[in-house]
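Colleague: If you scroll down you'll find the structure; I have some questions about it.
The values are calculated or read from the model by the stated rules, or taken from the named source; none is laboratory data. Predicted, not measured: the structure shown is a model, and the values here were computed from it. So basically every Cβ, Gly included, is an ideal-geometry build from the backbone, and we count neighbours across all protein chains shown.
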Amino acid sequence: MLSGQHAVTVMAFVTYVLIAAKSAGLSVAATQSMVALSLIGMALCTGLQAYGGRWGSGSLLAHMPNPFMVPFATAAVAAGGPAAIFGVGLLSSLTALFVGSVIPRLRALFPPTVAGTVVSMGGLALVEPTVRHSLEINDQMQIDPVSALIAGSTLACIVAFSIWGTRQSKLLGLVMGIVIGLVVAAMAGHLHGIDALASTPFLAIPDFHAPQWNLSPHMAVAIVMVAMLTQLDTLGSVIIMDRMDNADWRRADMKAVGRGIRANGLGDLVGSFIGSFPTFTSSANIALTHATRSTSRWIGLSTAAMLLLVSFMPQATLALTLIPAPVLGAVELYAAAFLIVSGVELIASRSMDSRGIFMVGLSVCAGLTVMLMPGLALHAPEALQVLLGNGFIVTGVTAVLLNLVFRLGTRQALEVKLDGSLGDLSQQITDFVEIQGAAWAARRDVVHRAALAALEAAEAITASGNRQVTGILGSFDEFNFELALRHTGEPLFLDALAHHAPHDAEALWEADAEALEAAMQRVSGVLLRHLADRVSGEAASGGNAATLHLHFEH
């Protein structure tokens with residue numbers, strides 16, 4: 001049932017194939033054949049993603065037709081017929097294969113703040129077309145009341161099942177919403193073309209066409225650039241799924257991201273030779289996964305099998321084209337809300353200083369500017385209009401570039417001298433850890449633990465009587481957050497002290513000052529071993545000085 005729900009959801013988005021086919025002037029038979037072939041391509045990509053290994057992320061990621069490729073597919077098919085979709089799919093797939101092979105080495109370009117910004121903007125970019133589909137707003141900005149009723153009923157049912165449904169009913173929330181939407185649409189007379197199903201065969205083999213290349217050089221360059229930038233969506237999708245699967249998620253698994261992008265590329269490469277429309281990951285299906293709390297890759301494999309089966313069932317592919325726009329709009333709106341919040345969660349998982357704030361804020365502003373003022377892109381060169389006219393792509397490019405620029409001047413290791421009384425010392429240590437943690441975009445929980453551990457270590461060093469903290473050193477490399485407290489005197493081996501059994505609490509009332517001091521050091525050792533993942537002391541080579549190292553896994 002879960003696989004069927006995913007299959008129905010992702011098949012609803014063959015609407016983008018229909019838009020391209022209708023704009024290119026294809027016949028009904030040719031359009032239906034393109035839809036069937038596109039379902040085969042979607043099945044290939046979905047199956048590769050779920051299967052995992054070297055050519056897949058191993059996640060439940062369903063693939064849908066890539067809406068960013070609609071203008072290119074329309075132009076190619078209009079000029080050369082259905083076979084001309086080969087060039088668009090070939091360039092898109094080769095670009096994805098290249099990006100998938102290099103992206104594991106580009107972790108610094110895609111920290112969670114950048115990925116979260118891209119994911120949130122992907123949700124925001126869905127809002128305008130989603131509202132138009134849901135309310136069927138015309139050029140005079142008038143709302144169709146019946147469409148609003150259909151979309152409202154669909155969305156209300158999905159939300160109600162997701163929030164208040166039982167464990168079993170939550171699994172079927174989306175499909176129940178679609179069913180309710182179809183029932184309301186039928187009662188309101190908004191279901192059209194059902195009579196055509198009777199004259200359509202139940203099973204048939206789609207018409208395959210020999211590949212044909214008819215792309216101009218400037219269109220080929222534009223396709224490559226758009227394909228490269230749309231892989232940001234795959235990056236965000238794999239990260240979101242990994243975060244759902246892993247309760248201890250800390251950072252993006254760039255190897256899994258690379259495998260996910262390669263799955264997209266390999267599936268589209270095979271699909272291009274049979275006439276499939278280029279694909280990318282479906283955000284609506286990710287939202288469905290979140291709602292059902294079911295992320296098994298077996299669901300993805302079953303979904304791929306269903307997509308492949310339906311591609312040979314003309315009645316089913318025709319029925320997909322009959323789903324009213326308000327029903328699809330409600331599903332898209334649900335997906336948009338999920339993406340916006342998921343992106344914000346990714347952004348908030350890291351500490352941010354002014355660099356991070358400006359990177360996120362300016363990137364979102366750039367994307368919204370393009371979305372709210374689409375006429376700006378008309379003054380750009382023709383080859384760049386598709387890129388600069390899309391708010392999602394503009395946001396992604398801006399976020400990556402600003403992240404690179406703002407990294408300049410940010411040292412991944414820094415040491416400062418400390419001075420003053422213990423109270424002033426505590427403030428200096430806290431400020432150092434919090435400011436550097438934000439500058440390095442470290443996880444908030446790690447920064448908080450590091451600050452507490454550094455304060456506890458400084459108090460233990462000072463309380464030892466013959467030692468004084470003189471400096472603090474911090475370093476960060478995405479996997480490790482390191483702090484080191486410089487101090488005078490011999491090394492303070494708190495880690496070793498912590499292994500001793502603590503004193504009896506009542507006996508401490510009778511103990512002398514020396515025994516009480518030793519007990520307090522043992523307490524500091526225990527606390528530090530719980531706050532830090534590793535604690536060690538080291539003597540300096542230059543004489544009466546030492547360093548206390550605090551290591552935190554990131």
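Colleague: Any chance you could count how many residues in segment 109-138 are in a loop (DSSP other than H, G, I, E, B) and touching a residue at least 40 places away in the same chain (Cβ under 8 Å)?
Modeller: 3
Colleague: Same structure again: Taking Met141 as meeting all but one of (1) in a helix (DSSP H, G or I); (2) at pLDDT below 90; (3) not acidic (Asp, Glu), write down the number of the exception.
Modeller: The single condition Met141 does not satisfy is (1).
Residue-by-condition table, conditions (1) within 20 Å of Leu288 (Cα to Cα); (2) out of contact with any Leu (no Cβ under 9 Å at 6 or more places or on another chain); (3) among the hydrophobic types (A, V, I, L, M, F, W, C):
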| site | (1), (2), (3) |
| --- | --- |
| Ala20 | no, no, yes |
| Ser23 | no, yes, no |
| Ser27 | no, yes, no |
| Ser38 | no, yes, no |
| Gly47 | yes, no, no |
| Gly52 | no, yes, no |
| His63 | yes, no, no |
| Val70 | no, yes, yes |
| Val77 | no, no, yes |
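Colleague: Scan segment 419-441 for residues that are buried (at least 23 other Cβ atoms within 10 Å of the Cβ) and touching a Ser or Thr at 6+ places or on another chain (Cβ under 8 Å) and jot them down.
Modeller: Hits for segment 419-441 are Gly437, Ala439, Trp440, Ala441.
Colleague: Hey, can you tell me all the residues within segment 262-298 that are more than 29 Å from Phe72 (Cα to Cα) and either among the hydroxyl-bearing types (Ser, Thr, Tyr) or crowded, with 24+ Cβ neighbours inside 10 Å (or both)?
Modeller: Leu288, Thr289, Thr292, Ser294, Thr295, Ser296
Colleague: Restricting to segment 420-459, count the residues that are modelled with pLDDT of 90 or more and in a strand (DSSP E or B).
Modeller: 0
Colleague: Additional query: Anything in segment 31-60 that is touching a residue at least 60 places away in the same chain (Cβ under 8 Å), of a type in the set (S, T, N, Q) and closer than 22 Å to Ala78 by Cα? List them, or say none.
Modeller: Gln32, Ser33, Ser38
Colleague: Name the residue, out of Ala380, Ala336, Ala319, that is surrounded by 17 or more Cβ atoms within 10 Å (Cβ to Cβ) and in contact with a helix residue (DSSP H, G or I) (Cβ under 6 Å, 6 or more places away or on another chain).
Modeller: Checking each option against the conditions leaves just Ala336.
Colleague: Enumerate the pairs (first residue in segment 96-108 and part of a loop (DSSP other than H, G, I, E, B); second residue anywhere and of a type outside the set (Ser, Thr, Tyr)) with beta-carbon separation below 9 Å, excluding pairs fewer than 6 apart on the same chain, so at least 6 apart or on different chains.
Modeller: Matching pairs, first to second residue: Leu106/Met254.
Colleague: Given Phe338, Phe312, which one is modelled with pLDDT of 90 or more and assigned by TED's automatic domain parsing to the domain that holds Ala188?
Modeller: Phe312
Colleague: Please report, ordered by residue number, the helices (runs of 4 or more DSSP H) entirely within segment 1-68 with at least 2 residues that are touching a helix residue (DSSP H, G or I) at 6+ places or on another chain (Cβ under 6 Å) and at pLDDT 90 or above.
Modeller: So the answer is 2-11, 28-51.
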